[in-house]
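What follows draws every value from the coordinates through simple rules; no lab data is involved. Keep in mind that this is a model prediction, so the values were computed, not measured. A quick note on method: Cβ atoms are made from the backbone with ideal geometry, for glycine too, and the neighbour counts reach across all protein chains shown.
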Amino acid sequence: MRTLIITFALFGVIQTIASESMPAKAYFHQQEAKAKFSEKQAEAERLSSQFIKLFGEGKFDEALPIANRVLELSQEVFGANDVAVANAASNLAEVYLAKGNSEKAEPLLSRAIQINDKGLKPTDPILVKTLERYTCVLDKREHDDKLKEFEKARLPMLRATSEPDRFWGALWLVTKATKMPRPKYPQAAVPTRKRILVEVTVNEQGKVVQAQNMCGGQSPLINVAEQAAKQAEFEPVLTAGKPLRVIGYLVYEFVGH
């Protein structure tokens, strides 16, 4: 909403000047453009509320065109690189994921991250959530090389600041494990190869203080993976010589008999 308030303020300045010196025709066109801007904003807000309701009810086919329209309106009203556009792109991606189409969700999440990296703090929950979802999409699609390149490209930006509780991605890129228990394949799991990603929070001493499943999977595998992750220990992650509490993920591969 900050962008919107600034825009209205600018319109107010322009309107004052126009009333004093701007030709009547130009002033009319300006007011017309302002009215269209307000109409599009109101439509975007109305459709966003409708989208939330439909998505919550599981009506994904009905929510899809609405999410598309909100993205279009957000781009027209706020510009291509506003966080409102990132939110709209993320919402559209969630519809595609709910419909089982991770291929179409992937570029939308990537775009949202590019915008949010510039417009939000690294610790912002919205940015962290988008990074988690993007990671899971690439993992599901088995785009391991693409995920590695993406995480490596973000490392210089992460190392440039010392804020804790950021999402660093794969922990092995920034620290080494000093203790890494291996979970056993549970008897209740379906005997097939499965990969579980567990998101962990590692404190300044390298201890895991929180571990939770990040991308879904079989419950028996999730349970043993989370238990193993909680017992893991790492060398502290340092930025400018200062240990940080960080968020990242561990990957557990299960191969059944």
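Brief remarks on what is shown
- Listed by Cβ neighbour count within 10 Å, with the fewest neighbours leading, SER90, SER102 appear as SER102, SER90.
- The residues THR239, THR130, THR161, when put in order of fewest to most other Cβ atoms within 10 Å, stand as THR161, THR239, THR130.
- Put in order of Cβ neighbour count within 10 Å, fewest first, the listed residues MET214, MET180 become MET180, MET214.
- The lysines within cross-link reach of LYS176, meaning a Cα-to-Cα straight distance under 17 Å and a gap of 8 or more places when in the same chain, are LYS148, LYS152, LYS207, LYS230, LYS242.
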